[in-house]
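Since the structure comes first, as structure tokens, the remarks are kept for the end.
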Amino acid sequence: MRLSIVVPVYNEEAIISHLVERMENLRPMFKERFGIIAEDIEILYVNDGSRDNSLPILQSMCYIIKGMRVINLSRNHGHQIAITAGIETARGDAVVVIDGDLQDPPETIPELYAKMLEGYDVVYAQRKKREGETFFKLWTAKLFYRTLKKLTNVDVPLDTGDFRIMSRRVVDVLNSMPEKHRFIRGMISWIGFNQTAYEYERHERFAGSTKYTLSKMLKFAVDGITSFSSIPLRIASYLGLFIAVTGFLYALYVIYLALFTHSTAVGWSSLMVVVLLLGGAQLLSLGLIGEYLARIHDESKQRPLFIIEDIYESPKNR
Ligand code: UDP
Ligand code: MG
């Protein structure tokens, strides 16, 4: 197998037939440009517990299309885990990850492959332009990547998603990383080797709506930061130090008032402020520690990352 293409799919029934058609068009393109025959390319669709007709549509298509496989997860495991399941199942010498909503044009894949042949292990697609996204999405994404860059020492390239091609050795390292809270683009940067960018234009969703709800986005952001940085924990201790020092100075002032003046009785408001401030800082720090603790807890359970219910493929594959 020369090339595997991993496509996560979650409630995308409106797109699938078009998606599969666009993906299948890649086979002749690869034959012509790189001499890679259709049988050497597998296209893996990971059904991430869709509740619509995505699975039946994929199933019926994969019975007629050779080289198409459908991995059906037991429930919705989330985008990053769906990708992981696909990458672990992939058998190609090179593995591509691409979103199933056609925001990333499949026709870019041969370009990524060509770039990889120049001697790179990872070619990530970097967006020059993002069409049809809400102002809120663009702004939160920008804020997140800038914050991530400040807080972590792995260099996660700006304006990239998971659309990329990886060599077998990168895939093998990635598969050997068992962490549960996966922030794949960060993990791949962390792996290293020769990585480079390929610029492309990101389009609007072909149909349907985003599957990343606000809560999924938040979880994703917290996962990204906590898996690569313990700076938030340190912020908690700096905050503690700052408040302790301020408290100490204030205590000196209060003692001074008590000893040398007669104005000690007032002070309900300042007391309240101090109590609230301290309480807030403590809860915040506890919460932060809790976030990391919860992650240690999750890791210690050693559960499998995903559960594959079935894998469907054309009888002609075997
Ligand atoms: N996706 C998935 N599981 C999920 C959420 C999304 O497999 O829980 C898939 C989705 O079908 C799509 C890709 O991940 O192919 C990216 O999702 P989406 O386009 O909704 O995210 P956005 O582009 O809005 O960030
Ligand atoms: Mg999308």
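List of remarks:
- Meets criteria (among the hydrophobic types (A, V, I, L, M, F, W, C), modelled with pLDDT under 90 and within 16 Å of ligand 1 (Cβ to nearest atom)) for L44: no
- Scanning region 248-270 for residues that are aliphatic (A, V, I, L, M) and either modelled with pLDDT of 80 or more or open to solvent by less than 100 Å² (accessible area, probe 1.4 Å) (or both) yields L249, A251, L252, V254, I255, L257, A258, L259.
- Qualifying residue in region 192-201 (condition: more than 16 Å from ligand 2 (Cβ to nearest atom) and without any contact (Cβ under 8 Å) to a residue 60 or more places away in the chain): yes
- Boolean, R27 is outside any loop (DSSP other than H, G, I, E, B) and exposed (fewer than 14 other Cβ atoms within 10 Å of the Cβ): no
- Within region 90-108, the set of residues being more than 20 Å from the chain's Cα centre (by Cα) and within 16 Å of ligand 1 (Cβ to nearest atom) comprises just one member, T108.
- Considering only residues in region 168-196 that are surrounded by 18 or more Cβ atoms within 10 Å (Cβ to Cβ) and among the small types (G, A, S), the one that is farthest from A221 (Cα to Cα) turns out to be S189.
- Test: residue in region 18-38 that is of a type in the set (V, I, T), modelled with pLDDT of 90 or more and either in contact with an Asp or Glu (Cβ under 6 Å, 6 or more places away or on another chain) or within 16 Å of D101 (Cα to Cα) (or both): yes
For every residue, the table says whether it meets (1) part of a helix (DSSP H, G or I); (2) hydroxyl-bearing (S, T, Y); (3) touching a helix residue (DSSP H, G or I) at 6+ places or on another chain (Cβ under 7 Å); (4) crowded, with 17+ Cβ neighbours inside 10 Å.
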position	(1), (2), (3), (4)
M1	no, no, yes, no
V6	no, no, yes, yes
E21	yes, no, no, no
K31	yes, no, yes, no
E39	yes, no, no, no
I43	no, no, yes, yes
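- With respect to the conditions (1) within 15 Å of ligand 2 (Cβ to nearest atom); (2) of a type outside the set (D, E, K, R); (3) closer than 30 Å to E309 by Cβ; (4) outside any loop (DSSP other than H, G, I, E, B), I57 lacks only one, and its number is (1).
- Search result, residues across region 89-144 that are away from ligand 2 (no atom under 14 Å from the Cβ), part of a loop (DSSP other than H, G, I, E, B) and among the hydrophobic types (A, V, I, L, M, F, W, C): A90
- Sub-8 Å Cβ pairs linking a first residue in region 208-236 that is part of a helix (DSSP H, G or I) to a second residue that is within 16 Å of ligand 1 (Cβ to nearest atom) and open to solvent by 50 Å² or more (accessible area, probe 1.4 Å), at least 6 apart or interchain, are F220/Y212, ordered by first then second residue.
- Residue that is nearest to K115 (Cα to Cα) [pool: residues in region 12-33 that are among the hydrophobic types (A, V, I, L, M, F, W, C) and touching a strand residue (DSSP E or B) at 6+ places or on another chain (Cβ under 9 Å)]: F30
- Cβ-Cβ contacts under 6 Å between residues 6 or more apart (or on different chains), taken from a first residue in region 1-24 that is among the aromatic types (F, W, Y) to a second residue that is surrounded by 24 or more Cβ atoms within 10 Å (Cβ to Cβ), are listed as Y10/D48.
The values are calculated or read from the model by the stated rules, or taken from the named source; none is laboratory data. Not measured: the values here are computed from a predicted model. A quick note on method: Cβ atoms are made from the backbone with ideal geometry, for glycine too, and the neighbour counts reach across all protein chains shown. Keep in mind that these areas ignore ligands, DNA and RNA; they rest on the heavy atoms of the full protein, side chains included. Shrake-Rupley method; radii C 1.70, N 1.55, O 1.52, S 1.80 Å.
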